[in-house]
Amino acid sequence: MQKHNIIIIIILTILKLGWGDVIYLNDGEEYEGRLVGLNETHVSLEVFSGDTIELPLSGLYRLELENLSKVELIDFIDDTLIHNLWGVAAQQFLGYDLPYVNLFENIEYHINPDSTWERRERKIQIIINDVGKEIANKAFYYLAQDETIQIVYVRVVQEDGKVYYIRESALKDESINYNLPEYDNLWRKKIAIRGINIGSIIDYQIIHKMPKISAARPFLIKEYFRDEELMLHKKVNLIYPPNFEVIYDTFNIDSLDSSFSQKLFQKNGWKIIQWDIFTQPRLQYEPFTPPVAYFFPGVIATNLKNWTDTGTEYYNLIHNNTLDDSSLTKLLNNILYDRVDTLRAIYNYVLNDIKFQTISLSEFSYQPRSLEKVLSSKSGGYLDKAYLLYVLYHSLGYKSHFLLVNDQEHCPLKEKTPDISQFDYAMVELEYHGDRYYLAPFWDRIPFGFIPGRFQGTKALRIDAEASRLIDMPLSDYDKEGEIISMDATLHLNGTLEIIENISYRGEKGSDFRDNKRLNKDELDQFVEQLIHQVHPNSELVSYFMSDLSDLYEEVQLNINYIIPDYILWGGEDLIILNLPGIDYSAYDVGIENKQYPLYFDDYGSYNKEIVLNYPREFKVYYLPPDVCYESSLVEYHARFEGDRSSFLSGLFSGKTRLDRLVFRDRFCLKKLTTPADEYKNYRECIKTRASLSGKSIILTK
Amino acid sequence: MKKILIFSSLFIIFSLISGEQIWLKDGSSLETSIKFFRDSVFFLSTGDSLLQTEVSEILYGGSGETKYHVGNGQDFWDLQYIMDMIKPAKLDYPDAGGIIILDEGLEKLHNDGKRSYRYHFIGMILKPEMTYWGENSLYFEEGRSTVKIGGGRTIKPDGTIYYLEEDMVKVTMPVEGMEFMDQDKYLSFTLPEVQKGDIIEYYYERNTYNPYDHRVFEPSYYFQSSEPVLISRFTVEIPETLELNYIAKNFPEGGGEPLVRISEGMKMYQWELRRIPPLIREEYMPGEIDIVPGVYASLFGSWDYLFEWESKLNLRRMEVTPEIEQQALRITRGLDRVDDQIAAIYHWIQRNIRYVSIKGGVGSGLCGHSASTTLENKFGDCIDKSTLFASMLQALGIQAYPVGILTNDNGQPPWDIPNVYANHAITEIHLNDTFFFLDPTSSDHRFPYFSGDDHGTLVTNPILGEIHSTPIPEPDDNMRSYQIDVVLKSSGDAVIDYSSTYTGDWEAWIRGFWRDIPRSEWENQISEMISADHPEAQLLEYEISNPERLDKQFGLSWKYRIRNLSLIARDLMVFRIPDLRQYSFPEVATRERKYNIEYATSYGLKQNAKVEIPLNTSVRFVPPEINIECPYASYQAGYRVEDNFIIYSDSFKRYARRIPADYYLEYKAFLNQISRYSKYKIVLQKTF
């Protein structure tokens, strides 16, 4: 470092220390600078220009002090790591086709002898292009009731070596569920880093402090070794006292991967497990990519136990949360008054009478709220509602179990590391007359015994006083999911197409469709008109009928009668070219030839369509597209066109225009929720086969 | 759970104290006075001291530790009266989610300049979805205002009543988008036992004991909701000596004039509407100001006072510092033309000042931060960026100002009533005896284009004391232009050369789309796009022009092969020209429409195609030409045959932002013709 720069650096450092104090005046004006004086009557502030302004306190209503912000030079930072990275990264990565690169991340989990614990994070990233600047806004989540986030520092190192620290005004704590006081626990500390340019290096350290490990506040670490963008080096350390026992597991790591290492050692009386991984590629965009839990490499660890003990511990934690006998009796009498079907009556009560708040376990607590509070507020999250249902069944002597469940987003469960914080939801398992039901009393469109799609095919922990164990949540048969569409279309001589369409929504589709019960008549009319508009932009609604969406046990059906004037397109004086309505399949999602990640689908199920096209006898079929078919263990598609003259006789006696008819039937079946990447080619071929129909027209001649 | 009819009788207040309230970094606070500050230490009147690094903020003259209380509900309505009102209403609105029985606001300006806002709500919940009415969050600003809940209750169908208790009330910091940092606090509460079939009632009062300006009093109110409203009432009370300027918009014919009376030195203006039907949303509908009955009021008869206040703040923030001047010169080095200089700075701010909004009070709330601060932080929100932009232009001798704008999706406020309507800020530039606008909040707009939601509305320029309107660009300045060349083989396969260029909002949108995708993924993205309609498409080459160069027009081009573009039906070949847009207009999907159709801005699309057909074919059919127009848009399209080429061109231009509701059926018919035409196919005959 040249000596003549040292003075400049010192001056720079002094000038910029403590900059960013803000005075707010009653008249709305604000001044920013550095507080230099304050007494009982006046405040003095040195502003950016170097001047000092003096203001009477009587005009002030707030003074904010800036304690974080400063500007210094990298040479003043005693940290070899940042010096090395700053020197190397600038040349190496600029020009890369990436928004940013994760240069280094070090995570330390530190379990204290009193069983409190901390997560310490240091992360260093470099911004490569404009899109990468979004990482300069960050958020750190915590449970405010008993956790804290401490910002050790957040700084940006620019290419010229200037280092900017964040300002307090660019730091905010906010409540995620601020509008629900009874569930206010999940907060986040949000920061906006300043002085960001392309080539800037962001370096931050935070400490997240957790309370003592207990049944209600379990200990679990789960770290991924990859990120959305290129990760050069990540270290994870678990440091714990010698009398503490852990169990851990790595996942999605190839044993032959030389970029990964694991070490166990002791230091200064502490046990340490260290995981290191180098150079992990960025996440390439592909369609149907599953949640990262399915394929990102990572490590998971918890304190040593098994699933049975974990469940027992949890059972002991919650089972005293109940109602006194008289309250319980009174409640059950109210619910069951004049009801024959006890099971459904109780389910319907919890479903409909306790408002659902979409609060998961990790957002609030692993302990259900007191049943008194749930009943007095008439609201509950996933845990509270499931637990209330369980208590009610249990009190009547039904064989029921409380379940902690996972959703597909967080699958697969890491079975080697038993801990309740691997679950984020809860349900109830009920056995009755040899049948087993899984009950999810959340949204008021879930029928008794229906498992919402996101929980199907996952793992759950059945809670029991002594015999807790993992179970598999059933996966609905794909033929019970999806849609069945039948369409009766009549083509008139004037070119108008008249359609009677019936759509049956099954399984998850039906449950989702029931959400439309919140719409009033005008809104429903618009909804249906927009639906037929998607079939053809010139569609005109004649009438429609919708099954009672409030009845959870009635099949969800929509019947629509509509016309499309001028539907047919002439291809000359005597040629009619028409595409069947509703046959508009795209192959967008399979445009790429190969995939590297597993496939994950959210439209699992079977979709069946039948279109009967009645056309005047004056027209003859000139061309029908050929049948298509594709079948594999993952997916299948069949489509068939058939001519039918059976309506001839009915037309003869009615005096109406005699019609011929074509029948089109197709069936698309997606049979799995997830599948390895090498099955993509089958999926692709099937979708391409289906999409090929969209370009195929039927040609009629006069 | 508390027993019926028992409620706590407390009030939620922020106790006003003298001296300071000192908030420490650890979240605790002290109420004391500071004797003096020296060498980064606060010396307190108690004799203690605090390091500057321990203190986060100091509040003067107006805040204390929060105590949670709920009032005794002395102003609750009579239960029988409520029940009598609701009975006929349920018959009138059988499928409503809920019925608002009372929606009453009272804005009061006190003689000492303080003001209060009182709100009273009564509603009946008819569908479970409306139980959220029982969850409320009330805004307040520490040091300026307090909130007091007068009472809250839930009334069951059998007459049982449950009262709001303090454990259902909390002060919180609300979550906002990642870019937003402000000091807002909310008092949130949840009424007990709320279910379908219940009636809920609550009222609260917000007292602004420390307004930033005693003269600025701008009450406004909406009278409609997405559910039916039985009584909506708004009262404004001011000292008798003052005069209220007001406008009532969208009231039923003959309505809008308030009941005015004077009592005890106060003048009261009261508006009331009854049995207001629910607002049913439509696609592309106007902003609420244009359709919902509303009252907008002010004590000002002109904008002078507000302009003067705001311009003082604006001018101070626009100060050109040496750093700003140096940066402006650096950006425009070598550029001689003024337009190029403006463009260069416009582009630089878009790309180098990222969007972060930090609001500490009304000064930064309305006028942002100094240009020098924004330049140093390299972040800022709309007003920060507009101020910096204006400042940098000023440094070059170009006259420019940050101006306030209400984006056009909100509707047109009554500009005759001076008020702070703006929800956004852009920059007004004066050049050659005219002026124009640019919006540096964007990140992808090429000069001279700016964001569509700034078009066709008004801006306030406090420094000049003027109100101007922003133009709606011609469709050519929001245009997509496609060129598609096709070589069709007798097998039905084809090779396609596609290219497109853009202007205006379209260009910004599509440039932003492609910039978000890493270059290594462009090929996959294009493959997906060409496969959408043609599953057998194979990409051969591509180019994406100027995604990062804002000074150059953005363009796309690619070449690809399709198998089976044309259907071969015996001796016929039938196909649509690939990549030609099929028009679909969801805004005209419904049979009828109540509200105007409102778009953000104008629209233009031009498509040109040239198809080389196989030599052993002749053209059997191409669609006839179409040339239609209406007062708001025009469309021309046609095919012609030249030797073994089919030439196609079309042009769709919409000039207007607004299509009146009484023109809907004609407009629908106009657009439906276009939709239909875009579905046509070409028929070739094989001549063997």
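The values are calculated or read from the model by the stated rules, or taken from the named source; none is laboratory data. This structure is a prediction, so every number in the text was calculated from the model and none was measured. Every residue, glycine among them, receives a Cβ derived from its backbone with ideal geometry; neighbour counts consider all protein chains shown. Calculation scope for accessible area: heavy atoms of the full protein, side chains included, ligands and nucleic acids excluded. Shrake-Rupley method; radii C 1.70, N 1.55, O 1.52, S 1.80 Å.
Summary of values
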{"read-out": "Residue-count net charge about A:H208 - beta-carbon cut-off 9 Å; Lys, Arg +1, Asp, Glu -1", "value": "0"}
{"read-out": "Per-residue average of Cβ from other chains inside 10 Å of A:372-378", "value": "5"}
{"read-out": "Shielding of B:180-189 by partner chains, average beta-carbon count, 10 Å", "value": "4"}
{"read-out": "Most to least packed among A:302-311, B:538-547 [average Cβ atoms within 10 Å]", "value": "A:302-311, B:538-547"}
{"read-out": "Among beta bridges that DSSP assigns inside the protein assembly as shown, antiparallel share in %, nearest 5", "value": "90"}
{"read-out": "Rg/Rh for chain B, where both radii come from Cα atoms and Rh is the Kirkwood radius", "value": "1.04"}
{"read-out": "Spatial separation of Cα centroids for the stretch A:225-292 and the stretch A:491-552, in angstrom", "value": "51"}
{"read-out": "Per-bin percent of Cα-Cα distances, the protein assembly as shown [10 Å]", "value": "1, 7, 13, 18, 21, 20, 13, 6, 2, 0, 0"}
{"read-out": "Dipole of the stretch A:395-495, positive direction: furthest Cα of A:Y478, A:L413, A:L491, with charges on the beta-carbon", "value": "A:L413"}
{"read-out": "Environment charge of A:T52, counting only residues whose C-beta is closer than 11 Å and scoring Lys/Arg +1, Asp/Glu -1", "value": "-2"}
{"read-out": "For the stretch A:405-542, diffusion coefficient by Stokes-Einstein and Kirkwood Rh (Cα), 37 °C, 0.692 mPa s, µm²/s", "value": "177"}
{"read-out": "Alpha-carbon centroids, the stretch B:232-284 and the stretch B:424-450: separation in whole Å", "value": "37"}
{"read-out": "Degrees separating the helix B:304-317 axis from the principal Cα axis of chain B, which is the longest one", "value": "70"}
{"read-out": "Long pairs among A:K209/A:K385; A:K162/A:K234; A:K189/A:K509, criterion Cα-Cα beyond 28 Å", "value": "A:K209/A:K385; A:K189/A:K509"}
{"read-out": "Options A:S261, A:L403, A:L38, ranked by Cα towards positive dipole end of chain A, top entry (Cβ charges)", "value": "A:S261"}
{"read-out": "Helix-only mean residue ellipticity at 222 nm for chain A, each DSSP H run of n ≥ 4 adding -39500 (n - 2.57), per residue, nearest 500", "value": "-5000 deg cm²/dmol"}
{"read-out": "Per-residue average of Cβ from other chains inside 10 Å of A:170-178", "value": "6"}
{"read-out": "Helix-only [θ]222 nm of chain B, DSSP H runs n ≥ 4, -39500 (n - 2.57) each, per residue, nearest 500", "value": "-5500 deg cm²/dmol"}
{"read-out": "Virtual spin-label span in nm between A:R469 and B:E319, 7 Å along Cα→Cβ", "value": "7.6"}
{"read-out": "Backbone HN-Hα couplings from phi across the stretch B:420-429 [Karplus 6.51/-1.76/1.60, Hz, Gly and Pro as x]", "value": "8, 8, 4, 10, 7, 9, 9, 10, 9, 10"}
{"read-out": "Magnitude of the charge dipole, the stretch A:96-165, Cβ model with Lys/Arg +1 and Asp/Glu -1, debye to 20", "value": "160"}
{"read-out": "Efficiency of FRET from Cβ geometry, A:V152 and B:L329, R₀ 41 Å, rounded to 0.05", "value": "0.55"}
{"read-out": "Rounded D (µm²/s) - the stretch B:476-686, Kirkwood Rh over Cα pairs, Stokes-Einstein at 10 °C, 1.306 mPa s", "value": "85"}
{"read-out": "Where labels lie 7 Å past Cα in the beta-carbon direction, separation of B:D336 and B:E308 in nm", "value": "4.6"}
{"read-out": "Ordering of A:34-40, A:418-424 by burial proxy (mean other Cβ atoms within 10 Å per residue, highest first)", "value": "A:418-424, A:34-40"}
{"read-out": "Kirkwood-based Rg to Rh ratio, the stretch A:20-64, C-alpha trace", "value": "0.92"}
{"read-out": "Nearest-20 debye value, chain A charge dipole, Cβ charges on Lys, Arg, Asp, Glu", "value": "1140"}
{"read-out": "Highest-first arrangement of B:632-638, A:473-479, where packing means the average Cβ count within 10 Å", "value": "B:632-638, A:473-479"}
{"read-out": "Distance violations [Cα-Cα > 24 Å] among A:K190/B:K114; B:K359/B:K385; A:K123/A:K172", "value": "A:K190/B:K114"}
{"read-out": "Simple label model, 7 Å out from Cα along Cβ direction - B:D95 to B:T241, nm", "value": "5.7"}
{"read-out": "Cβ-Cβ FRET estimate between B:V41 and A:E610, R0 fixed at 60 Å, reported to 0.05", "value": "0.10"}
{"read-out": "Positive-end residue, chain B charge dipole about Cα centroid, Cβ charges, pick of B:W271, B:L230, B:I544", "value": "B:I544"}
{"read-out": "Solvent-accessible surface (1.4 angstrom probe) belonging to B:Y655, in square angstrom, nearest 10", "value": "100"}
{"read-out": "Between the stretch B:466-538 and the stretch B:596-612, the Cα center-to-center distance that results, in Å", "value": "12"}
{"read-out": "Net charge dipole size for chain B [Lys, Arg +1 and Asp, Glu -1 on Cβ; Debye, nearest 20]", "value": "1520"}
